[in-house]
């Protein structure tokens with residue numbers, strides 16, 4: 001048995017070689033998959049469940065990192081526009097010496113910001129800085145790109161000053177003006193996503209998204225794109241708006257299902273019939289009938305009932321819209337990511353971490369392909385069979 005243990009930075013912590021005959025594999029799958037856990041935690045749980053059959057077989061998992069290179073390594077979580085101006089490292093960058101052509105990324109590679117005041121690294125020192133950005137589908141990503149790659153002296157130099165710009169492209173517009181060579185070269189984004197380890201399918205979709213931003217920017221320049229057409233919340237009715245008859249019925253059914261589910265778990269021993277609520281709910285309606293508004297009302301009711309909710313959508317843009325709407329109270333993700341779906345059937349697997357959520361909502365189900373729909377149904381059905 002060969003065991004390699006790594007941390008989240010893919011650095012090998014320990015390598016152990018042994019014999020399979022000296023181990024008793026006595027673990028259970030539910031011990032690993034009952035909670036959401038990163039790969040390193042899952043591996044440790046598996047190793048801890050093995051029974052050592054020989055006294056000389058001892059394994060030590062330490063936190064000592066064995067570096068794969070001689071470079072000094074550091075990690076920097078890039079702030080967004082709301083806190084970049086007050087960020088300590090950013091303020092140190094603005095107070096740097098007379099080098100006006102130094103970007104923040106270059107500054108982190110030349111100066112040791114862990115000491116006050118920051119000092120240059122010794123000549124010949126190689127420094128690798130790992131930058132943690134938001135998703136490329138997040139409009140704030142382009143502000144972070146400007147913050148790290150465009151040399152500037154004040155936060156106001158990279159903030160948008162165009163009040164008529166749609167919110168989805170306001171930072172993209174600034175990046176297109178200040179970094180035209182970078183933003184208009186799609187190869188730059190493709191290489192960046194490839195280095196981050198994304199698969200080709202994700203990169204291809206992201207390239208289409210970047211192209212759509214260019215198209216929206218062009219239409220906006222031609223005064224052919226009103227602000228409200230790309231504003232995800234401008235046309236949405238407030239949650240206090242009255243519900244129609246069909247919306248009231250859908251909301252009443254959802255509340256009844258939540259009550260039946262709560263009763264089922266409160267009364268142990270089968271006093272409550274699980275079949276009353278262990279069913280999928282489909283919200284159907286014509287365009288303009290208020291399906292998104294009904295879904296938002298149901299999700300807010302679930303949150304008010306202390307239920308945990310996850311929302312999945314076919315596209316990253318739609319998932320990001322839900323994330324903006326609920327401001328972190330609801331976990332939002334794409335269907336492919338949440339349900340561990342892959343184009344190759346052998347790579348598809350169940351996401352057992354879904355059992356930590358009380359409500360799973362899927363928006364725009366009509367856009368889902370047949371293979372993905374079958375995988376979703378198979379995943380959700382596995383939870384119902386276990387109850």
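What follows draws every value from the coordinates through simple rules; no lab data is involved. As the structure is a computational prediction, the values presented were derived from the model and not from experiment. Here Cβ is always computed from backbone atoms with ideal geometry, including for glycine, and neighbour counts include all displayed protein chains.
Odds and ends about this structure:
- Mean Cβ neighbour count within 10 Å, used as a protection proxy, ranking 328-334, 357-363, 158-164 highest first: 357-363, 328-334, 158-164
- Packing-based exposure ordering (other Cβ within 10 Å, fewest first) of 115, 155: 115, 155
- Ranked list, fewest to most other Cβ atoms within 10 Å of each Cβ, for 284, 303, 372: 284, 303, 372
- Least to most buried among 265, 182, 171 (fewest other Cβ within 10 Å first): 265, 182, 171
- Relative contact order [Cα under 8 Å, 6+ residues apart], the range 70-158, whole percent: 44
- Remark: the residue 262-residue 126 segment gains 43.2 nm on full extension, using 0.36 nm per residue and subtracting the alpha carbon distance.
- Listed peptides 80-93, 342-355, 117-130 by packing density, highest first (mean Cβ within 10 Å): 80-93, 342-355, 117-130
- Long-range Cα-Cα pairs in the range 319-387 (distance over 19 Å), rounded percent: 36
- Between residue 358 and residue 245, residue separation times 0.36 nm minus the direct Cα-Cα distance comes to 38.0 nm.
- With both labels modelled 7 Å from their Cα along Cα-to-Cβ, the residue 218 to residue 114 distance reads 4.8 nm.
- Mean separation of Cα contacts under 8 Å, 6 or more apart, over the residue count of the range 275-387: relative contact order %: 25
- Where a label projected 7 Å from the Cα of residue 86 along Cα→Cβ would reach, residues of the range 138-159 with amide N under 17 Å: 155-156
- Computed on the range 77-216, with alpha-carbon pairs under 8 angstrom and 6+ residues apart, the relative contact order is 22 percent.
- Relative pair counts by distance (%), Cα atoms of the range 245-386, 10 Å bins: 10, 39, 38, 12, 1
- Counting only Cα atoms, the range 70-158 measures 38, 28, 21 Å along its principal axes, largest extent leading.
- The label-point distance for residue 370 and residue 346, in a model that sets each label 7 Å from Cα toward Cβ, rounds to 2.3 nm.
- Extension gain, residue 252 to residue 286, is 10.3 nm, computed as 0.36 nm per intervening residue step minus the present C-alpha separation.
- Between the range 171-209 and the range 284-330, the alpha-carbon center distance in angstrom: 28
- Inter-probe distance in nm under a simple model that places probes 7 Å from Cα toward Cβ, at residue 378 and residue 305: 3.1
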